[in-house]
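To start, the structure under review is shown below, and the notes come after it.
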Amino acid sequence: SFIGEESVAAGEGSILTDNPTWIIDPIDGTTNFVHRFPFVAVSIGFVVNKKIEFGIVYSCIEDKMYTARKGKGAFCNGQKLQVSGQKDITKSLLVTELGSNRDPETIKIILSNMERLLSIPIHG
């Protein structure tokens, strides 16, 4: 099966089943792309039994290929990635995105979550 982000965004329905399924977003960062902001990628995931098996993200402008496979780790251009050992949240960097849903209830939830995060003394 195939699920394409652009067709779902256009209103087409999709149902994730247990069948092996490719999930593809050919322009991940559409708003960035439209505004010529240089952070755009092609994102591809493969799911079996509704569980992700592997994913690939190609950052076009940076020419970086990110890959990850369940149980095998994550890589950037073949170099192993790992999370930092930072345990103090006040030394972390918060990056967030509001999404495209402007439904008042959704906005209320997002802003409430952000308010809780921003009350922690973090960088962001």
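Within region 40-51, if we keep just the residues that are of a type in the set (Val, Ile, Thr) and under 15 Å from LYS64 (Cβ atoms), the residue that is least open to solvent (accessible area, probe 1.4 Å) turns out to be VAL40. The set of residues from region 1-31 being modelled with pLDDT of 85 or more and of a type in the set (Asp, Glu) comprises ASP18, ASP25, ASP28.
Can you tell me which of THR106, THR90, THR96 is touching a residue at least 24 places away in the same chain (Cβ under 8 Å), hydroxyl-bearing (Ser, Thr, Tyr) and farther than 28 Å from PHE54 by Cβ?
THR90
When residues in region 60-99 are screened for being open to solvent by less than 100 Å² (accessible area, probe 1.4 Å), within 19 Å of the chain's Cα centre (by Cα), among the β-branched types (Val, Ile, Thr) and assigned by the TED database to the domain that holds ILE110, 1 of them pass.
Taking ASN19 as the residue in question, decide whether it is open to solvent by less than 90 Å² (accessible area, probe 1.4 Å), in a helix (DSSP H, G or I) and polar (S, T, N, Q).
On the way: open to solvent by less than 90 Å² (accessible area, probe 1.4 Å): yes; in a helix (DSSP H, G or I): no; polar (S, T, N, Q): yes.
Considered against the rule, which asks whether it is open to solvent by less than 90 Å² (accessible area, probe 1.4 Å), in a helix (DSSP H, G or I) and polar (S, T, N, Q), ASN19 comes out as no.
Checked against the criterion of being open to solvent by 50 Å² or more (accessible area, probe 1.4 Å) and either in contact (Cβ under 8 Å) with a residue 60 or more places away in the chain or closer than 23 Å to LEU98 by Cβ (or both), the candidates PHE54, PHE37, PHE2 yield just one match: PHE37. Looking at the structure I just gave you, is GLY71 in a loop (DSSP other than H, G, I, E, B), out of contact with any Gly (no Cβ under 6 Å at 6 or more places or on another chain) and at pLDDT below 90? No, not satisfied.
The values are calculated or read from the model by the stated rules, or taken from the named source; none is laboratory data. All figures in this text were calculated on a predicted structure; none of them were measured in a lab. Positions of Cβ are backbone-derived with ideal geometry, glycine not excepted, and every protein chain shown enters the neighbour counts. These accessible areas exclude ligands, DNA and RNA; they are computed on the full protein's heavy atoms, side chains included. Shrake-Rupley method; radii C 1.70, N 1.55, O 1.52, S 1.80 Å.
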